[in-house]
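Input: a single structure, listed below in structure tokens.
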Amino acid sequence: MADNKAVPEGYMVDAQGRLWPIGSIKPVDLARNELVLENMKKATAMSESLAQFKGSVMADIEAFCELSAEKYGAQLGGKKGNVTLYSFDGRYKMIRSIDDFITFDERLQAAKVLIDDCLKRWSEGSDANLRTIVNDAFQVDKAGRINTNRVLGLRRIDIQDETWQRAMEAISESVQVISSKAYVRFYERQPDGSYRQLNLNIAA
């Protein structure tokens, strides 16, 4: 695409970087362009404002949590953890949540080998449902990713078998947190006692 700074006066650049005299461009195309540019400018300003607001709220919550902990002589370790804060009358609440995005390292393959060994040993009397659960857990999606919730869910199956327990240990130790994302949400209590979330997500 051409650099807009180099566009001669009286011309516009299209998506392929070609110069067009403004007089040769259809009025509807000019109007569409103006509509997009106007609202993009507003959206950018709104996005920056929301980002600043989120940063300010996160800092306020963190400062309050530290202040509250100091009252009991406790030292908070880092900024992890979900926090729910209510107004005195319970009408409002805000929630800070931290979501970790996880993956598995090579130890997951070791866990799969151990699990397969268990299924082979139990083949005659094994539960078909268990085999389906295990197979589903290790299925990959179109992007080649494994469903982390399904894999971690295997640890909730109570099987007293030494090999199975080692497989579950391998799964736990294979977890790697690759990134974390913080969210803050605001709610107002409704007449029926439920809480309605204040929508600050334009995509919603």
At 0.36 nm per residue, minus the direct Cα-Cα distance, what do ASP158 and PHE101 gain on full extension? Give it in nm, one decimal, please. 17.9 nm
So if I restrict to the alpha-carbon atoms in the chain, what is the Rg, and what is Dmax, the biggest pairwise distance, in Å? 27.3, 81
Long-range HN-HN contacts of TYR11 with modeled amide H, under 5 Å: ILE22
Quote to one decimal, in nm, the extra length available between MET46 and TYR92 on full extension: 0.36 nm per residue of separation minus the C-alpha distance between them. 14.2 nm
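Please report, ordered by residue number, every helix of the chain (full DSSP H runs) that is 15 Å or longer along its axis going by C-alpha atoms and whose mean Kyte-Doolittle hydropathy reaches -1.0.
27-70, 107-121, 162-174
Provide, as a two-decimal number, the C-alpha radius of gyration of segment 4-48 over 2.2 N^0.38 Å, N being how many residues it has.
Normalised Rg, Cα atoms only: 1.33.
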So, in nm, how far is label ARG131 from label VAL83 when the simple model puts each one 7 Å beyond its Cα toward the Cβ? 5.1
Which far-off residues, 5 or more places away or on another chain, put their amide H under 5 Å from the one on TYR195, with H placed in the peptide plane? GLN190
So the FRET efficiency between ASP116 and TYR183, C-beta based with R0 = 30 Å and rounded to 0.05, is 0.20
Within straight cross-link reach of LYS54, meaning Cα distance under 19 Å, which aspartates and glutamates are found once same-chain residues fewer than 8 apart are removed? GLU62, GLU66, ASP99, ASP100, GLU188
Between GLU62 and LEU30, take the C-beta separation as r, use R0 = 35 Å, and let me know the FRET efficiency to the nearest 0.05. 0.15
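Since every read-out is calculated from the coordinates, none of them should be taken as a lab result. On a predicted model such as this, the values are computed, not experimentally measured, just so you know. Backbone-built Cβ (ideal geometry, glycine too); neighbour counts: all protein chains shown.
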